[in-house]
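The block underneath contains the structure these notes are about, expressed in structure tokens.
The values are calculated or read from the model by the stated rules, or taken from the named source; none is laboratory data. Since we're looking at a predicted model, the values are computed, not measured. Here the Cβ positions follow ideal geometry from the backbone for every residue, glycine too, while neighbour counts run over all protein chains shown. Surface areas here come from the heavy atoms of the whole protein model, side chains and all, with no ligands, DNA or RNA. Shrake-Rupley method; radii C 1.70, N 1.55, O 1.52, S 1.80 Å.
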Amino acid sequence: MKTTDEVILTIESALELEKGSLSMDTSMGSIEQWDSLGHLSILSSLDILFDGLIAPIANISKAQSVNEILDILIENKLIEK
Amino acid sequence: MKLYSIISDIQYYLPSRLLSNEDLVSDNPDWRMDDIEKKTGIKNRYICEDNQTSKDIALLACEKLFKNNIKRSEIDFLIVVTESPEYIAPAMSCDLQNILNLKTSVAAFDINLGCSGFVYGLMIADSILCANSYNNGILVCVDTYSKYISPNDRTCRPLFSDAASATLITRSQSKSVGPFELGTDGSGYQDLIVQNSGTKKQANIERNLLHMDGGAVFMFTMRTVPKVVNDLLKKEKYKIEDIDLFVFHQASKLVIDNIKRLLKLPDQKVYENYQLVGNTVSSSIPIALAQAKDDNRLKKGSIVMIVGFGVGLSWGATLIRYI
């Protein structure tokens, strides 16, 4: 099972941000890099991290913040609370 | 005798007006164009002139067919796939039948589909040719999404090109096309929609503009395309190695790269032309097939899988054997 830290690192990498740039409250649109295309990079990178288990989660594309992404991953038992 | 269909010719028309990444950033100085190009892979788009319509460019694509070995009098049916017709009524195919001087016994009708439309049109053309005494049909795919896109829309404007294609489909005694895998998930109809484009009017929306929920459409693609590819392979008892070339709807680099990743497809098995053509919606697959042939990626005996997916949400895939 992956950790919250691994997920956050993956999002930072997808957005080409320095490690530690994101907080739980960072949301789409709040930083320049997290635009509609950045959002697709996040989804793609998470799907790679979780080896194809992200694509079947229909509502993950609607997650608008780090917190919301983590909640959906917890809900789908991909990370621990 | 069992009858089949074959794609005899594909012609296409791209408008002469180019929209480069430099043009986009000139209109929108705050756009990070390097990042947009890196993710979409698209360097250029073809855009209709303001007074140029889908019918105008469809006509130009069709006329290219008649410069080759087919006569107008030999055409028995005309199918137009479009989501950007000049009018809701009548069907564009009726207007085109007249302008192209096709005989009045031609069966002509439109299909309202986007990026999956070529596959659907091909299936219908194949069914007509296999079941009737018809010999030749034209499948036109044409879209001018630029008419629906705001100049400031960072999600859609970097992606879409206007284009028309005309595919000549002919009756054959050898199986060349099929089987087909088609599907629909209308629960995502609002994820890619031209609002205020029909009878339902929303007062808070200024005009008929394209809206795309990029994340939702992307995830739909990731869920659907690998499955449809595997279902079609299974139907024919094929493996990925048996397919010479995969021609996917040319959505964007990010989409094609992820499809390749999920299906573990080597680069040389996947045709890509979005870089210089953009996402031409319904014409995306026929243009890619025509260019793949010009690039000598297709030869006698080649087996090609084509997969369209998008607005609807809708998808379709089939196999084409080059005989």
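A compact table of results
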quantity: HN-Hα J in Hz across the stretch A:13-18 - Karplus 6.51, -1.76, 1.60, θ = phi - 60°, x for Gly and Pro; calculated: 5, 4, 8, 6, 9, 5
quantity: Coarse-grained scattering of the stretch B:20-60 at q = 0.16, 0.28 Å⁻¹, given as base-10 log I(q)/I(0) from a Debye sum over alpha-carbon atoms; calculated: -0.55, -0.90
quantity: Estimated vicinal HN-Hα couplings, Hz - the stretch B:105-111 in sequence order (Karplus 6.51, -1.76, 1.60; Gly, Pro = x); calculated: 7, 5, 8, 10, 7, 9, 10
quantity: B:LYS235-B:ASN296 FRET efficiency (beta carbon distance; Förster radius 25 Å; 0.05 resolution); calculated: 0.30
quantity: Cross-link reach list, lysines versus B:LYS235, counting only Cα pairs under 21 Å and skipping chain neighbours closer than eight places; calculated: B:LYS2, B:LYS175, B:LYS227, B:LYS260, B:LYS264, B:LYS269
quantity: Cα convex hull of the protein assembly as shown - mean projected area over all directions, nm²; calculated: 20.8 nm²
quantity: Listed residues B:MET212, B:MET92, B:MET123, most fluctuating in chain B (Gaussian network, C-alpha, under 10 Å); calculated: B:MET212
quantity: Fraction of antiparallel bridges per DSSP, the stretch B:178-321 only, in percent to nearest 5; calculated: 75 percent
quantity: Integer Hz, Karplus 6.51/-1.76/1.60 couplings in order for the stretch A:63-69, x for Gly and Pro; calculated: 5, 10, 8, 4, 4, 5, 5
quantity: Share, in percent, of DSSP beta bridges within the protein assembly as shown that are antiparallel, nearest 5; calculated: 65 percent
quantity: Residue among B:LEU65, B:LEU254, B:LEU159 with the largest mean-square fluctuation in a Gaussian network model of chain B, springs linking Cα atoms under 10 Å; calculated: B:LEU254
quantity: Amide H contacts under 5 Å for B:VAL81, placed H, 5+ residues apart; calculated: B:ILE111, B:VAL140, B:CYS141, B:VAL142
quantity: Simple Cβ-charge dipole of the stretch B:37-172, Lys/Arg +1 and Asp/Glu -1, about Cα centre, in debye nearest 20; calculated: 420 debye
quantity: Cleavage-rule hits (trypsin sites (Lys or Arg not before Pro)) in the stretch B:266-323: DSSP loop, at most 11 neighbouring Cβ within 10 angstrom; calculated: B:LYS299, B:LYS300
quantity: Qualifying chymotrypsin sites (Phe, Trp or Tyr not before Pro) in the stretch B:59-105, DSSP loop, other Cβ atoms within 10 Å at most 16; calculated: B:TYR87
quantity: Largest to smallest accessible area among B:SER54, A:SER45 [probe 1.4 Å]; calculated: A:SER45, B:SER54
quantity: Long-range HN-HN contacts of B:ASN135 with modeled amide H, under 5 Å; calculated: B:ASP76
quantity: Kirkwood estimate for chain B, i.e. one over the average of 1/r between Cα atoms, Å; calculated: 19.9 Å
